Protein chains: 2
Amino acid sequence: MFAPRAVALVGASGDEAKNTSRPQRYLLKHGYAGSIAPINPSRSEISGLACYKNLIDVPYPVDHAFIMVGDVEGAVEDCGRKGVPVASIFSDGFADAGEAGMARQRRVVTRARELGVRLLGPNSMGMINLTGGVALSVNAILEMDGPPRGGTSLVSKSGTRLGTILSRGAARGLGFSKLVSVGNESDLGVGELVELLAADSETRSILLFLETVRDAERLAAGARAAHAAGKPVVAYKLGRSKLGERLARSHTGALAGEDAALDAYFRDCGIARVDLLETLIEIGPLLAGRKPPDLGPVARAPRVAVVTTTGGGAAAVVDRLGTFGIETASPDGSAPIIDLTMGKRAAGYGAVVGELLDFPGCDAVLAVVGSSAQFHPQHAVEPILRAKPSAKPLAVFMTPQADQSLALLAQAGIAAFRTPEACADALHAYFSWKSPRTPPAGGAPEWPEGVASEGRLTEAQALAVFAAAGVPVVASAVAKAPHYAHELSYPVALKILDAAVAHKSEVGGVALGIASRQEFEARVRQLAKDGAPLLVQRMETGLAEAIVGYREDPVVGPLVLVGAGGILAELYNDVVLRLAPVTEAEALEMVGRVKGFAVLRGYRGLPRGDLQALARAVAATSRLALLAGRPLREAESNPVIVRRQGVVAVDALAVLKEE
Amino acid sequence: MFAPRAVALVGASGDEAKNTSRPQRYLLKHGYAGSIAPINPSRSEISGLACYKNLIDVPYPVDHAFIMVGDVEGAVEDCGRKGVPVASIFSDGFADAGEAGMARQRRVVTRARELGVRLLGPNSMGMINLTGGVALSVNAILEMDGPPRGGTSLVSKSGTRLGTILSRGAARGLGFSKLVSVGNESDLGVGELVELLAADSETRSILLFLETVRDAERLAAGARAAHAAGKPVVAYKLGRSKLGERLARSHTGALAGEDAALDAYFRDCGIARVDLLETLIEIGPLLAGRKPPDLGPVARAPRVAVVTTTGGGAAAVVDRLGTFGIETASPDGSAPIIDLTMGKRAAGYGAVVGELLDFPGCDAVLAVVGSSAQFHPQHAVEPILRAKPSAKPLAVFMTPQADQSLALLAQAGIAAFRTPEACADALHAYFSWKSPRTPPAGGAPEWPEGVASEGRLTEAQALAVFAAAGVPVVASAVAKAPHYAHELSYPVALKILDAAVAHKSEVGGVALGIASRQEFEARVRQLAKDGAPLLVQRMETGLAEAIVGYREDPVVGPLVLVGAGGILAELYNDVVLRLAPVTEAEALEMVGRVKGFAVLRGYRGLPRGDLQALARAVAATSRLALLAGRPLREAESNPVIVRRQGVVAVDALAVLKEE
């Protein structure tokens, strides 16, 4: 894959205007030491190299074939006959080209498996191994001279973005090891490549440029392997907005998945996520060799100590850090930042950086350098270079255009940032970075007796599912014609019991606060159509409402969510999502992130709600993920009423996969 | 100011290690054609120029003095005696240095006015007039060789940031005309400088780097003048987060003002605001020569047409645009973007750009260029250069490192962006940009009879203020001991009437839903301490609650706000703020931006509320800004109950300035 002793270029061309001429040129330009076999039936020589009519004719073993012809099927057959273990396919017209292309791709992969050939692509721009000198790619970025080599590797959905990141990194002295364009991921996917890079001795940190995640389990495994090897994995993923999500879907032909679900997924498997593209390029040295930060069991606000030669320059980063809830700290505790503007800097900049790296009151150090970075690196940049290496992350932001200083810092393995926003984004990504999570052990919940695991569930059945999982639910009874008898004490609520109606109150199917048998009977006459049974529930009151839910995301799998109840969750997107199942402690952390629960935390003298009980209900709901065969597509209780003591689910909805 | 025929450098030094040696060196380096007079009592010559003991001794008229000595007072006296009309003060120790410094600054300004000397600074790094060849500054960025000249001018609070913007702009070929570091703004402020630049024939667009706004009226006047002259004004302001706000305050010694209030202010006076620092540098050509966009009276979502040579590269910008609510559009209406990836590009890129600029279905065009931008500008960059100039904005994003292509586009006056995020931020800033607003005419509201305009106001008096302004308020009566008689029909609400208690319900001072005289009397016994009068109100119900408020911001002046009622405004920051007064139409636009009012717009089949009546109440409240002498510091009604027909304010609070 990464270090072939010989490569074959299937469909090579000698015409420099054609993309198919590039791999040969780039391999030679970037110092490939192995053998290159161009394959083209109509040529006997291409740019000085012997050309073969067919892969089979190559007189030596080939480790990696690069396929650029329309007849991919034939080329793969040849790889099989020749015993080529890996083929990268540049050609498109597969999963990127509708249903027919998708079927074609499946056929090629099936055949390649039979032949024992692993595939990268189709629709891949290839692979660049800079530290090994193998530029096996059509990416025009390889026209550049000698990009710096380093310990960062990249796996990119988009071949173009591979060029973006390589060229931009090179311009500021950031070196790379391996860069892979995965294309359609028909066989070798992002997850397996991360596993390979986790085991690669030249790779220190792994960057991912993603449009979606195709094999969440494999990538999670790769991320865990990388974590175990002490290599951070950082992702930039498109699809933050609905528009971007739609575009990613149309562009990749894959399910995009919901961005918030992918956020939960990245967090779960220990992948740091950045928001800005430049952060992905620049963050490597900030995380390399480090573990996710430990901010205590109930995460406190992270603290950054700041030293600067320009007040305004530091403020631009600090302002941004503030929007992420990150705080500043300094040893003397008074000023938020240490400002060594003009005159004071030659004396103490390096000493201050060292002092802050040793200062136990901060979790990271930010060093900001003003105009001296451009023409007088001796003032502040060189003292930073001499700073004693520390387990504490050090981020440098330089306010002017200062390519040389950026390169000096990059060579020293110190994280340096071109923009205040990328600098703040990187520190935020670092502080949000978690070790891969071990899901809690423990048994699966019961499936409620008498409830089928296919078909549509009524509210009564959905409540039974929550109750069986261990969530306290309202006392309910199904009242039936002709008398609609029940044994609940008044006041009660009355609801229609039609599994086809998801929002009963919108169709007038709910009556609340029924105070007496007499009123009950009147309501029954209004609601019960043709003697249909009705659901009677005890009226419950409390301090506030929550939504607690479970669902299976098509990309990342089972999720649990908790949010402010009623319509707040939807209007303000005030929900927190995690991969299911979660422990009670993890659920409590989720509950702590819901803004609307401020009213349950003593806001304006209001009484406090039982958030621990709510967390127990969330953890219980999350264990629906452990049901054998995972029969549920989704289950949601809205509202769960939160009281001073305890919680109670008063409404539920559950949808089976087989409905 | 900008084009002195002779300058004096007060406190000049020949020691290159000293900042005070820089202006002379930089003036010469950057081709100053006028006379330079170094002033230093202990030298007769500095680096080849005749040095004078005192400003008075200079044998020719001096147009601009640059003061770098501790004895600023003496230097200003000398300017007066010598008849120097403008002095820039680099020295610090004034408003930047606490109370005593502030007093010192006031004295210097008073004296300078007497002498007829205008001051830039103190604590200013000076002024650079690139198109006029006057580099009168200590900013080390002037070590650079021949920065490009252009039509963009900058006014910066921070001298360092002046260097940041100049150096970063220069690196991508963006040229500047004037750059001014305003320092403490003791005399010449940002507003007056914007006025000067509005009248400057070499300036086409004006950038502001701000930490706060010191003279909102003057800056508004400057922005209006610039608008009238067809010159866009764009601001980047620190203080988005509380942390940044605090830092800006400590750094400038000025009131920072609330960021949301400044947002409203910028919008009001036609200043576009950018979020990212690089956007400020790059946005000039996007707005230069253009007017704010017209998206119709009820602003629809802006539409951008996108052409690209890389799907993934375009997606990074489009994803970001989506988060701002911006949509994509294309002539054939099917694909969201026009993707001319590999192979198709040479044929049609330029033609597509031209077609999109002519396409009436879009408001702006985004052209994305992939790796060809770095080594093959003929593929896509050159066709863009040849695009016919259009009134429609054209933004170019290049995915690789492509300095030369950036410079080519900059020279052609075409907006080009280094990062997808700055590109999207710039388009968002363009679409949010408004023409300066003319506040509505119309008379001031009445001040309610019998209410004093000083002291503390009770809730009854506050309601009277709203009623007099034209807001419908709940029927109320003040009930007094011994009988607490009133003529309202039941049910009623009862409240304590103590101006000192802002949150009555938190102290148990409110009883709601009192159904009868009997219950009323029982509640009076609970609430009325020592026979204090109580406020009786008719109980009102409706569909939802709103908050409507007025307040005077110390920086930008009177503001009106509307938001979701109860605690939502605070928990979710779901409020919209504008400079007061506003028209009913403007108020309706504000109401349309409050997320929580979804429940009044037909959300999930809920009945619709009278948002027009709410807008009338907001407009009426905003006219409190027209009260003679503006006696109110703030006035807020929370909740205003919104019904199917009409609204009613049921609670009010008003605070006078003189309380």
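The values are calculated or read from the model by the stated rules, or taken from the named source; none is laboratory data. In this text, all values refer to a predicted model and were calculated from it rather than measured experimentally. For neighbour counting, all protein chains shown are included, and Cβ atoms are generated from backbone atoms with ideal geometry for every residue, glycine included. These area figures cover heavy atoms from the full protein model, side chains too; ligands, DNA and RNA do not enter into them. Shrake-Rupley method; radii C 1.70, N 1.55, O 1.52, S 1.80 Å.
For chain A, take the longest principal axis of its alpha carbons; what is the angle in degrees between that and the long axis of helix A:420-432, to the nearest 10 within 0 to 90? Helix A:420-432 and the main axis of chain A meet at about 60 degrees.
Ranked by solvent-accessible area (1.4 Å probe, protein heavy atoms only, all chains present), the residues B:L197, A:L295 order from largest to smallest as A:L295, B:L197. Translational diffusion of the range B:167-218, estimated by Stokes-Einstein from the Kirkwood radius over alpha carbon pairs at 4 °C in a medium of 1.567 mPa s, is 105 µm² per second. Interface of B with A. Using a 1.4 Å probe and counting protein heavy atoms only, the two chains hide about 6400 Å² of accessible surface, both sides summed.
Against the empirical curve 2.2 N^0.38 Å, the C-alpha radius of gyration of the range B:40-117 lands at a ratio of 1.16.
Rolling a 1.4 angstrom probe over the protein heavy atoms with all chains in place gives the range B:1-96 an accessible area of 40 Å² per residue. Exposure check, 1.4 Å probe, all protein chains in place: B:S241 carries approximately 10 Å² of accessible surface. Report, by chain and number, residues whose modeled amide H sits under 5 Å from the one on B:I547, excluding near sequence neighbours (fewer than 5 apart, same chain). Residues meeting the amide H criterion: B:G563, B:A564, B:G565, B:V640.
For chain B, the Cβ-based charge dipole about the Cα centre amounts to some 660 debye (Lys, Arg positive; Asp, Glu negative; other atoms uncharged). Separation of the range A:417-449 and the range B:475-550, taken as the distance between their Cα centroids, equals 50 angstrom. Ranking of A:I67, A:I338 by solvent-accessible surface, largest first: A:I338, A:I67 (1.4 Å probe, protein heavy atoms only, all chains present). Each residue of the range B:278-292 was assigned a 3J(HN,Hα) from its phi angle through the Karplus expression (A = 6.51, B = -1.76, C = 1.60, θ = phi - 60°), giving 5, 4, 4, 5, 9, 6, x, x, 5, 9, 4, x, 10, 9, x Hz with x at Gly and Pro. Counting only protein heavy atoms and using a 1.4 Å probe, the accessible area of B:D145 comes to about 120 Å². Candidates A:A469, A:N19, A:A95 compared by Cα position along the dipole of the protein assembly as shown: farthest toward the positive end lies A:N19, with charges placed on Cβ.
What accessible area, in Å² to the nearest ten, does a 1.4 Å probe give for B:Y430? For B:Y430, solvent-accessible area is about 20 Å².
Positive end of the dipole of the range B:335-445 (Cβ unit charges, origin at the Cα centre): among B:P440, B:H428, B:H376, the Cα lying farthest that way belongs to B:P440.
Using the Cβ-Cβ distance between A:S201 and A:N19 with R0 set to 30 Å, the FRET efficiency from 1/(1 + (r/R0)^6) comes to roughly 0.40. With contacts taken as Cα pairs under 8 Å at a separation of at least 6 residues, the range B:503-620 carries a relative contact order of 19 percent.
Compared with the dominant Cα axis of chain A, that is its longest principal axis, helix A:159-171 is turned about 60°. Computed on the range B:382-465, with alpha-carbon pairs under 8 angstrom and 6+ residues apart, the relative contact order is 22 percent. A Förster radius of 56 Å combined with the Cβ-Cβ distance from A:R630 to B:E217 puts the calculated FRET efficiency at roughly 0.30. Under 5 Å from the amide H of B:I46 lie the amide H atoms of B:C51, each residue being 5 or more positions distant or on a separate chain, with H modelled from the backbone and absent for Pro and chain starts. Give me the log10 of I(q) over I(0) for the range B:577-653 at q = 0.16, 0.27 Å⁻¹, as the Debye formula computes it from C-alpha points; what are the numbers? Relative scattering, expressed as log10 I(q)/I(0), comes to -0.61, -1.37. Here each label is just a point 7 Å from Cα along the line to Cβ, and for B:R107 and B:D332 those points are 7.6 nm apart. Using a simple spin-label model with pseudo-atoms 7 Å out from Cα toward Cβ, B:T541 and A:R525 lie 2.2 nm apart.
Across all C-alpha atoms in the protein assembly as shown, the radius of gyration and Dmax reach 34.5, 115 Å.
Taking 15 Å as the cut-off, the amide N atoms of the range A:274-305 that come nearer than this to a point 7 Å along the Cα-to-beta-carbon line of A:A229 belong to A:288-290.
Treating each Cα of chain B as an identical point scatterer and summing with the Debye formula, the log10 of I(q)/I(0) at q = 0.08, 0.09, 0.10, 0.11 Å⁻¹ comes to -0.73, -0.87, -0.99, -1.10.
Backbone amide hydrogens, once placed in the peptide plane, bring A:R118 within less than 5 Å of A:V86, A:A87, excluding anything fewer than 5 places away on its chain.
Extent along the principal axes, Cα only, for the range A:441-499: 45, 26, 15 Å, with the longest axis given first.
One chain, two ends: B:E45 and B:R593. Fully extended at 0.36 nm per residue, the span grows by 190.7 nm beyond their Cα-Cα distance. Comparing the full protein assembly with the isolated chain, the residues of the range A:156-173 losing at least 50 square angstrom of accessible surface (1.4 Å probe) are A:T160, A:R161, A:R168. Taken one residue at a time, the phi angles of the range A:177-183 give Karplus couplings (6.51, -1.76, 1.60, θ = phi - 60°) of 9, 10, 10, 10, 9, 8, x Hz. Gly and Pro are set to x.
Computed from label points 7 Å out along Cα-Cβ, the spacing between A:R604 and B:Y490 is 2.8 nm.
Using all pairs of distinct alpha-carbon atoms, the Kirkwood hydrodynamic radius of the range B:72-224 works out to 15.8 angstrom.
Solvent-accessible surface of the range B:286-402, averaged per residue with a 1.4 angstrom probe and all protein chains in place: 36 square angstrom. What is the percent of Cα-Cα separations in the range A:520-659 that go past 19 Å? So the pairs more than 19 Å apart make up 54 percent of the total in the range A:520-659. Annotation for A:R633, label-to-label distances across the other copies: 5.8 nm (shortest first, one decimal, point 7 Å from Cα along Cα→Cβ). Give the angle, between 0 and 90 degrees and rounded to the nearest 10, that separates the Cα long axis of helix B:311-323 from the longest principal axis of the Cα atoms of chain B. Result, in degrees: 40.
Using only side-chain charges placed at the Cβ, +1 for Lys and Arg and -1 for Asp and Glu, the dipole size of the protein assembly as shown relative to its Cα centre rounds to 580 debye. Our coupling estimate for the range B:206-212, obtained by passing each phi through the Karplus curve with A = 6.51, B = -1.76, C = 1.60 and θ = phi - 60°, is 10, 9, 10, 10, 10, 10, 7 Hz, Gly and Pro reported as x.
Solvent-accessible area of the range A:107-190 (1.4 angstrom probe, protein heavy atoms only): carbon and sulfur portion equals 44 percent. Each of B:H483, B:L534, B:V582 was scored by the projection of its Cα onto the charge dipole of the range B:470-593, and the greatest displacement toward the positive side belongs to B:H483; charges sit on the C-beta of Lys, Arg, Asp and Glu.
Among B:L357, A:L49, the sequence by solvent-accessible area, most first, with a 1.4 Å probe is A:L49, B:L357. Give me log10 I(q)/I(0) at q = 0.11, 0.13 Å⁻¹ for the range B:376-530, Debye formula, one equal scatterer per alpha-carbon, no solvent. Debye intensities relative to I(0), on a log10 scale: -0.63, -0.74.
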